[in-house]
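Heads up: the structure comes next, in structure tokens.
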Amino acid sequence: LVLQGPAGPLLEGDTMTLRCRGWKEWVSGVQFYHDKEALWGPHGGTELSLSPLQLQHSGRYHCTAKVGSKVSRWEESVKVTVTVKGEHPHS
């Protein structure tokens, strides 16, 4: 199970999308976590979007999901660290 997150730096006000993916396997029952707090994606889907980002969105994220179609098992992704920096410069 892999949690895909943003590659570059994030600023306050940005949108962040996290994706929970299985490796060539079907995924269901996805649950996202920020630090140790459970977050829900839209209707238990495989993506979670946070917008507008705030400084308190910084932290470690991971997901859990049922993986496999016939014999499913619960798996947990590696934790991804997200850092949100101060707001966009005003133009």
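The values are calculated or read from the model by the stated rules, or taken from the named source; none is laboratory data. Computed from a prediction, not measured in an experiment: that's the story for all the values here. Using ideal geometry, Cβ is built from the backbone for each residue, glycine included, and neighbour counts are taken over all protein chains shown. We work out accessible area using only protein heavy atoms, side chains counted, and drop any ligands, DNA or RNA first. Shrake-Rupley method; radii C 1.70, N 1.55, O 1.52, S 1.80 Å.
Of Val78, Val71, which residue is in contact (Cβ under 8 Å) with a residue 60 or more places away in the chain, hydrophobic (A, V, I, L, M, F, W, C) and open to solvent by 80 Å² or more (accessible area, probe 1.4 Å)? Spell out how you get there, then give the answer.
Numbers: Val71 fails: in contact (Cβ under 8 Å) with a residue 60 or more places away in the chain.
Every option except Val78 fails the conditions.
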| query | Would you pick out the residues in the range 32-57 that are open to solvent by 40 Å² or more (accessible area, probe 1.4 Å) and of a type in the set (Phe, Trp, Tyr)? | reply | Tyr33, Trp40
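Do you know which residues across the range 51-63 are assigned to a strand (DSSP E or B) and hydrophobic (A, V, I, L, M, F, W, C)? Spell out the reasoning first.
Taking the range 51-63 as the starting set, the residues that turn out to be assigned to a strand (DSSP E or B) are 59-63.
Passing the criteria: only Cys63.
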| query | Does Lys66 fit the bill of being open to solvent by 40 Å² or more (accessible area, probe 1.4 Å), outside any strand (DSSP E or B) and of a type in the set (D, E, K, R)? | reply | no
| task | Kindly indicate whether Gly29 is at positive phi, in a strand (DSSP E or B) and open to solvent by less than 70 Å² (accessible area, probe 1.4 Å). | result | yes
